[in-house]
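Report on the following structure.
The values are calculated or read from the model by the stated rules, or taken from the named source; none is laboratory data. On a predicted model such as this, the values are computed, not experimentally measured, just so you know. With ideal geometry, Cβ positions are generated from the backbone for all residues, glycine too; neighbour counts draw on all protein chains shown.
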Amino acid sequence: MATATQPAPTKTQTELSRRMLREMLLIRRFEEKAAEAYALGKIGGFCHLYIGQEAVAVGSSAALGPEDYVICSYREHGQALVRGIPAGAVMAELFGKATGCSKGKGGSMHLFDAGRRFMGGHGIVGGHIPLAAGIGFAIKYRGGSEVCVCYFGEAAVNIGAFHEALNMASVWKLPVIYVCENNRYGMGTAFERVAAVTDVVEHACSYDLAAEVVNGMEARAVYDATKRAVERARTGGHPTLLEVRTYRFMGHSMSDPLHGVYRTKDEVEEQKKRDPITQLAHQMMAEKAIDQAGVDAIDADVKAEVDAAVKFADESPDPSPEELYTHVLAD
Amino acid sequence: MATATQPAPTKTQTELSRRMLREMLLIRRFEEKAAEAYALGKIGGFCHLYIGQEAVAVGSSAALGPEDYVICSYREHGQALVRGIPAGAVMAELFGKATGCSKGKGGSMHLFDAGRRFMGGHGIVGGHIPLAAGIGFAIKYRGGSEVCVCYFGEAAVNIGAFHEALNMASVWKLPVIYVCENNRYGMGTAFERVAAVTDVVEHACSYDLAAEVVNGMEARAVYDATKRAVERARTGGHPTLLEVRTYRFMGHSMSDPLHGVYRTKDEVEEQKKRDPITQLAHQMMAEKAIDQAGVDAIDADVKAEVDAAVKFADESPDPSPEELYTHVLAD
Amino acid sequence: MPTLTYRDALNQALREEMQRDPDVFLMGEEVGVYQGAYKVSRGLLEEFGPQRVVDTPIAELGFAGIGVGAAMAGLRPVIEFMTWNFAVLALDQIVNSAAKMLYMTGGQFRMPIVFRGPNGAALQLSSQHSQAWESWLAHIPGLKVVAPATPADAKGLLKSAIRDNNPVIVLEGEMLYNTKGEVPDGELVVPIGKADLKREGSDVTLICHSKTVTVALKAAETLAADRIAAEVLDLRSLRPLDEAAILGSVSKTNRCVVVEEGWPHAGIGAQVVDLIQRDAFDSLDAPVLRVTQADTPMPYNKALERAAKASPEKVVAAARRVLYLD
Amino acid sequence: MPTLTYRDALNQALREEMQRDPDVFLMGEEVGVYQGAYKVSRGLLEEFGPQRVVDTPIAELGFAGIGVGAAMAGLRPVIEFMTWNFAVLALDQIVNSAAKMLYMTGGQFRMPIVFRGPNGAALQLSSQHSQAWESWLAHIPGLKVVAPATPADAKGLLKSAIRDNNPVIVLEGEMLYNTKGEVPDGELVVPIGKADLKREGSDVTLICHSKTVTVALKAAETLAADRIAAEVLDLRSLRPLDEAAILGSVSKTNRCVVVEEGWPHAGIGAQVVDLIQRDAFDSLDAPVLRVTQADTPMPYNKALERAAKASPEKVVAAARRVLYLD
Ligand SMILES: Cc1ncc(C[n+]2csc(CCOP(=O)(O)OP(=O)(O)O)c2C)c(N)n1
Ligand SMILES: Cc1ncc(C[n+]2csc(CCOP(=O)(O)OP(=O)(O)O)c2C)c(N)n1
Ligand SMILES: [Mg+2]
Ligand SMILES: [Mg+2]
């Protein structure tokens, strides 16, 4: 990273950086609290934390407008927060409360917000990749200028749905941006053990997609690459495959080990030195865009926001018993 | 094609050419009779003819030994014949007779011969592509030196199973040769209308497979390419993807039009000039390896074989009624 | 009343609904240029253009999911499967995405999508191409499942399915496409969840749907010759079932035979039997019997295939048994 | 007799069969290096090596098909699905390739393959991860389907499944893996197709399998307190069903409740009811009632999830109703 040697950032660049720093901190603190709550049994089932990957959701979302669509896998707490779902509504969903963004019926893997065009939260690996193409199809069908960003892990590249969807997205020139969060592992399996070619971006050739490999620990790099992809999608609707190289600092899910047979403690420690939050903070300090006190202030601010979210979730009611039978069918 | 300018063929080359010419003629005459029998109602259901694509099955099979495995889609009459299933047993299967190679229970789409390692005959597009990898897995598991050749159409490249299987075949270095018979259409759909990239061979890059594009109207070219692929598979078990460019001279299935909205009569006529049988015959004549009388003699010979097959099928009995309930479960 | 084929009735339904609502589009293999593998979509590409009549690659899982995504974004997709045999590849999207979307989003995303195509056996298509998926699909909460037997019901139920705000499975029949029947002019909407009494009778109820309606009606004819008055009830909808109609008929006849095209073990007929024995227990004078496909994969041979399928003879035999005549 | 967890009983079965027959191998996601998502395959990679304990990409359809191909070539694959929810993606290979292979080849290719993994709901895994597929799988001719409830049955049925020359579906349970039970030493093979009488009683038969066995046994306890003697029959095998055992018990008690984990509509319980009302009609003193999951997708919220599942309370209530006590 050489931003320091670049010309001093403009005011808007600095504002963007501050915003991204705050959003990454919000996600980090939110996830830390979620881990606590899980340990206390307030959250159940699977809970896939985003710690380490914050720059991906934050950098890419910053390149989007409120009218754009976002769809994710089950590892979507970060995206839900940066797309503007109140931390309280997200935490309440993890707690299974009636005030949750899916009314407590979806849970950690199924966060949704129709108003904010946050399309989930899907649990079957690869299953939402065709859905993203369908959203892109609807945008094009209506002649809209929105785009749909679809996040998934590198392990999803090995499943058929990924290929079927990318081919159709390209044949029909749909305004979709496929963001592969390559954190190098699918649960306990290193990608190179199950993929003949480990450069995910290679697959773009098979489908004539625009493509870039992006440093996923650099929020700014993710922002820039996504901005270019959004440009292509809005004008002419050319789809893009972004391979964003990142790393998961926690276990796959709350119940899974942080390291062990599949990756070493040293590797994790080494990777943590690339923490996207400290990196951006240091860049901004080097640019005199912020000082440690400023960072601390933001941190205190988001901590308060997260504490309020936990309080809100704690105090919110469970769905009423009848909710078991509602929303099975629409009128 | 420039064989004429090459040194005179060796005796074995000539023998190979004669064998391939005979096998292509056998398939051609067999399919013509099958079409007749279908019109007479002796064959029911779907019946996908191989006319025009003979050089693919014949050229590739010539590079295999009897111990090697072959697995196909529903368009497999040609492969069944070149792998040595008696024409009578194949025709009887199309007629649904007890003497058929699947006892009359499989039909045109499900020809099998365990003894000859002919693994079918499968009706779900792409469904047999993972099966081929499984057969390759078993070969490697046992430390054998056989190979498995898997034939499928270009339209199958758009379905997920193709990608899942090729990735695993490559990761595990399985002795499988994937032969994509690119006849440019899936039923009434031109490949370029549904594939973002029409060079099937491109997909080899995504899976680190050896690959070649082959002229599928040239039995010798198919033979040479397959021989190289077999070499790679037997030693080291490196899988290959062959894109064999060919053309279907008939409708998709007996009930489908030869041409119409999806392709023009002229296109079909133009393609028929590349008839793989006449091409090989002319090459051999140019090489003085055969004369017209010789070709006619072979033709008469295979016609007799096919007539005998029809007679055998006609005179064979239906399966007994109890056969409805047999082979549901093995002991 | 004009007479139409089942195929043209479906075609009319698609055309009328696409004219009525610009958000309705048709997607599937060969639906456009080729005019449909079974010509159900004939002329639609010409009338509505390639954006609303979309030819897909062979990628059932993928385009089913694209339909679901489009429905999330507010369109009303009609996804055609060339046959339901191939839809098995798309079940994850039908079950995990379409059927559960409204529920797991806490009611935020309706799923106005139709999945349609021919279901069950045709003639000599062998094991992999002759499967009836009624019971699998009807098993899933969040779906509605209909199986029209006549051209009028084909048109009316498909129109209802397209207007429904839930995922609706429409099971057609390759062997039905050419069958003719009267179809009332103008707006025809058949409500989902209502069975149709095809023939009145007092001695035994024959419950059927889709292709087995003709089978049951033929059986009723034969029985009538022996002065047995069979009532024939066409379910039309398999989820929800018209429980009132089923129970009403059985409590009148006290005897029942359930006919279905699929396999016996946990077939949809078993659910009908479960309902009857539970809620009409005291009115049953005999156990309910079922006529189904043989519990085997479908053989290719013509005679074996015929023997595997439900037939009027088998229905007559079952009816006579519940009447304790044999 | 040594006491083992259900997980370790399965692990023993795999180890013993892999020791016994070199053609047996295990393939699936995380089965090797990670020792199994639920640790069922712990230690097997170390003992048998990467060729026989094979970690796969996330490609259910693909590796299920690879298993089928390997079985065609004479191996005896054990395919592990991390859960059966994901196996929905592989149904085409299970149904169209594995189940029909012997039949459509006229008996030439046996299919000695096992598809196994946890089925049904665990705790708060929400809609897409809490599905019980009994009735779908048992619907298919050419398959055998077992659902062991105890460690001993888990071991004995998995061993039988691996030795069987047909595709066998083994439905395990995430909530069962930690449960303990006595497992006889040495060679233990439980025949497929035989139910197990878990508790004798004369007043009402409670039919169950897998996780619902504990539910039924708890209900039987409660009923006993009211001097109601419930007989508890664990089906163990869902295809084939042990019809003799079912009919034998019901013709003794004349009353029956069928408990299952899955959804009601065309669930496996409907088939059990169909059998009973058909072949034990005259011995039934009341309709057979069923206790199933609520006919909804599974909600995430803990209380709603509990309310959705079959419970001893619901079984007791149903039993009292068939006894006309409420
Ligand atoms: C089809 C399917 N198979 C298996 C699983 C179980 N599973 C959940 S997450 C996961 C690993 C996915 O890894 P990756 O796609 O890289 O995403 P990450 O968890 O690293 O963000 C697996 C195997 C699933 N949910 N869906
Ligand atoms: C999964 C699936 N979808 C649809 C079909 C119906 N279908 C049979 S053949 C075919 C076209 C296949 O074309 P291609 O793969 O190019 O092979 P070709 O017929 O040209 O040899 C289609 C759509 C099928 N059998 N399986
Ligand atoms: Mg990953
Ligand atoms: Mg083709």
Among residues of the stretch A:238-263 being closer than 19 Å to A:Arg29 by Cα, within 14 Å of chain D (Cβ to nearest Cβ) and not aliphatic (A, V, I, L, M), the residue nearest to ligand 3 (Cβ to nearest atom) is A:His252
Out of (1) more than 8 Å from chain B (Cβ to nearest Cβ); (2) assigned to a helix (DSSP H, G or I); (3) closer than 30 Å to A:Leu111 by Cα, the odd one out for D:Gly62 is which?
(1)
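Residue-by-condition table, conditions (1) of a type in the set (A, V, I, L, M, F, W, C); (2) within 16 Å of ligand 3 (Cβ to nearest atom); (3) part of a loop (DSSP other than H, G, I, E, B):
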position	(1), (2), (3)
B:Gly45	no, no, yes
B:Ile51	yes, no, yes
B:Pro66	no, no, yes
B:Val70	yes, no, no
B:Gly96	no, no, yes
Looking across the stretch B:293-324 at residues that are surrounded by 13 or more Cβ atoms within 10 Å (Cβ to Cβ) and not in a helix (DSSP H, G or I), the single one that is farthest from the other protein chains (Cβ to nearest Cβ) is B:Ser316
Strands (runs of 3 or more DSSP E) contained entirely in the stretch D:178-274, each with at least 3 residues that are buried (at least 24 other Cβ atoms within 10 Å of the Cβ)
D:204-208, D:230-234, D:237-239, D:256-259
Considering only residues of the stretch A:133-146 that are touching a helix residue (DSSP H, G or I) at 6+ places or on another chain (Cβ under 6 Å) and either free of Cβ contacts under 8 Å to residues at least 12 places away in the same chain or of a type in the set (Phe, Trp, Tyr) (or both), which is nearest to ligand 1 (Cβ to nearest atom)?
A:Gly134
Would you mind finding the one in B:Ala195, B:Ala225, B:Ala219 that is more than 16 Å from ligand 3 (Cβ to nearest atom) and over 17 Å from B:Leu64 (Cβ atoms)?
B:Ala195
Of all residues in the stretch C:190-236, how many are free of Cβ contacts under 8 Å to residues at least 60 places away in the same chain and among the aliphatic types (A, V, I, L, M)?
11
Subset of the stretch D:87-128 (residues that are surrounded by fewer than 24 Cβ atoms within 10 Å (Cβ to Cβ) and among the aromatic types (Phe, Trp, Tyr)):
D:Phe109
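Yes or no, residue by residue, for (1) within 10 Å of ligand 1 (Cβ to nearest atom); (2) crowded, with 24+ Cβ neighbours inside 10 Å:
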residue: A:Leu131; (1), (2): no, yes
residue: A:Cys148; (1), (2): no, yes
residue: A:Met168; (1), (2): no, yes
residue: A:Val176; (1), (2): no, yes
residue: A:Arg184; (1), (2): yes, no
residue: A:Phe191; (1), (2): yes, no
residue: A:Thr198; (1), (2): no, no
residue: A:Ala210; (1), (2): no, no
Cβ pairs under 6 Å, 6+ apart or interchain, first in the stretch D:27-48 and more than 10 Å from every other protein chain (Cβ to nearest Cβ), second within 12 Å of ligand 1 (Cβ to nearest atom) and assigned to a strand (DSSP E or B), ordered by first then second residue, are D:Gly28/D:Glu80; D:Val31/D:Glu80
Does C:Gly67 satisfy the condition of being in contact with a strand residue (DSSP E or B) (Cβ under 6 Å, 6 or more places away or on another chain), facing another protein chain (nearest Cβ under 9 Å), without any contact (Cβ under 8 Å) to a residue 60 or more places away in the chain and small (Gly, Ala, Ser)?
yes
Condition test on D:Met82, is it assigned to a loop (DSSP other than H, G, I, E, B) and either crowded, with 24+ Cβ neighbours inside 10 Å or among the β-branched types (Val, Ile, Thr) (or both)?
no
If we keep just the residues of the stretch A:271-287 that are in contact (Cβ under 8 Å) with a residue 60 or more places away in the chain and of a type in the set (D, E, K, R), which is nearest to A:Tyr185 (Cα to Cα)?
A:Lys272
For B:Ala161, are the conditions met, namely being more than 12 Å from ligand 2 (Cβ to nearest atom), part of a helix (DSSP H, G or I) and under 21 Å from the mean Cα position of the chain (by Cα)?
no
Output for the stretch B:109-144, where each listed residue is touching a Ser or Thr at 6+ places or on another chain (Cβ under 7 Å), over 17 Å from B:Met91 (Cα atoms) and at the interface with chain D (Cβ under 7 Å from one of its Cβ atoms):
B:Gly127, B:Leu131
Could you grab the pairs with beta carbons closer than 8 Å, sequence gap of 6+ or different chains, first residue in the stretch D:290-316 and part of a loop (DSSP other than H, G, I, E, B), second one among the aromatic types (Phe, Trp, Tyr)?
D:Thr292/D:Trp263; D:Gln293/D:Trp263; D:Ala294/A:Tyr325; D:Asp295/D:Trp263; D:Thr296/A:Tyr325; D:Thr296/C:Tyr103; D:Pro297/C:Tyr103; D:Pro299/C:Tyr103
Flag for C:Gly74 being more than 19 Å from the chain's Cα centre (by Cα), modelled with pLDDT of 95 or more and either surrounded by 23 or more Cβ atoms within 10 Å (Cβ to Cβ) or within 13 Å of ligand 2 (Cβ to nearest atom) (or both)
no
